[in-house]
1. Report, largest value first, the span of the C-alpha coordinates of segment 300-341 along each principal axis, in whole Å.
2. Just grab the label-to-label distance for Arg98 and Thr311, each label 7 Å out from Cα along the Cβ direction, in nm (one decimal).
3. Would you please put 256-267, 221-232, 324-335 in order of how densely packed they are, using the mean number of other Cβ atoms within 10 angstrom per residue and starting with the highest?
4. If the chain between Arg332 and Ile202 were fully stretched, how many nm would it gain, using 0.36 nm times the residue separation less the Cα-Cα distance?
5. Carbon and sulfur: what percent of segment 128-194's accessible surface (1.4 Å probe)?
6. Using every Cα-Cα pair within segment 270-341, state what percent have a distance larger than 15 Å.
7. Checking a compactness column here: for segment 70-117, what do you get for Rg(Cα) / (2.2 N^0.38 Å), N being the number of residues?
8. Starting from the Cα of Arg125, step 7 Å along the direction of its Cβ; do the same at Asn73; then give the gap between the two resulting points in nm.
Amino acid sequence: MPVHRRPSWRLPESDATPEQAVLAHGEARRANPSRRAILGGAAGLGIAAAAGGYAAFAQGRDPMGWWDAQAGNDPTKPLYPAARNDRFALDRPLTEPREAVTYNNFYEFGSHKGIWQAAQRLETRPWTVTIDGLVPNPRTVDIDTLIKLFPLEERLYRFRCVEAWAMAVPWTGFPLASLIRWAEPQAGAKYVVFQTFQNPAIAPGFRQTWYPWPYTDSFTIEECGNELAFLATGVYGKPLPPQMGSPIRPITPWKYGFKQPKSITRISFVAERPVGYWEKLQPSEYGFWANVNPEVPHPRWSQASERMLGTGERRPTMIWNGYGEQVADLYRGLERERLFA
Ligand code: MTE
């Protein structure tokens, strides 16, 4: 995934993470556990210092304990677990929660997979989401008010990163189409842009000025209306942990994961096709549509198979990530577009 625009002389030795080394070979594999433990411990120490206590550090070493504590304080806690919508079932076992919450891409907190501890600095309350652009009533809404507008449900989805790792997770949230209807976009609104929070005081990634912050990406309004498009507020029956995009993020399971910005603070309805974060950084590698396809390799690695987080099982990649029945119609007549990058 990572691409670095700055000249190589600006890349300090300490920035050369295992991830970048692995990516040079074409796939982002799990970093070796001992190295991760060391990185994790260092990050934990940083957090302990910030929180000013040993208790926080002890808790910081246990991702599940930390998450339970957060979930216990979340104002939307009574809404979990939400009823499962059985129409969205899986062909594979769910990924172990511990794996999903400790192997993350969240460049605002670092460009390696072990950012879960650093991401705990993200304060998700108070939190607002601004809805603007081509809507009759632009507004900024408190997240708890927003979440309570729509009934929550649980759906089991496949999730595929462009780096060729994959997971299977139970998201909680509500259909993106419900929010679009509620926002009542004007006729000229053709695309919907999702923008991540931006706070350099808590997230060191913002100091890396060669990245095009804030993280954004977008979909066509038709894609947002697809029954699979979802706004996730939780996972594994609990509110999302910060490292997975708390308090809210879009999920479009037939697309690569980079299309799905975490911890969003703005949803904008626009007329022209926007250029997202990764497309800005490296247009030859990352495009607007980014639909999953085993037959279209990333320029630096194959997409023919995927590695499941946790088990390491290799599975053949499925076109549209297995969701062709629901989404292929969205792309009829667009065959000349770069649909799969
Ligand atoms: N959103 C933000 N704000 N920052 C990021 O770096 N990474 C993306 C996406 N959303 C990213 C982001 C990528 S590349 C992937 S694969 C998924 O988040 C990973 O989601 P996960 O960590 O919850 O599995």
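The values are calculated or read from the model by the stated rules, or taken from the named source; none is laboratory data. Bear in mind the structure is a predicted one, so any value in this text is a computation, not a measurement. So basically every Cβ, Gly included, is an ideal-geometry build from the backbone, and we count neighbours across all protein chains shown. All accessible areas refer to the heavy atoms of the entire protein, side chains included, with ligands and DNA or RNA removed. Shrake-Rupley method; radii C 1.70, N 1.55, O 1.52, S 1.80 Å.
1. Extents along the principal axes, in whole Å: 38, 26, 12.
2. Here the modelled spin labels are 1.7 nm apart.
3. Peptide ranking by packing, descending: 256-267, 221-232, 324-335.
4. Result: 42.5 nm gained on full extension.
5. Looking at segment 128-194 in its full context, I get 55 percent from C and S.
6. Counting pairs separated by more than 15 Å, the tail of P(r) holds 63 percent.
7. Normalised Rg, Cα atoms only: 1.53.
8. 0.9
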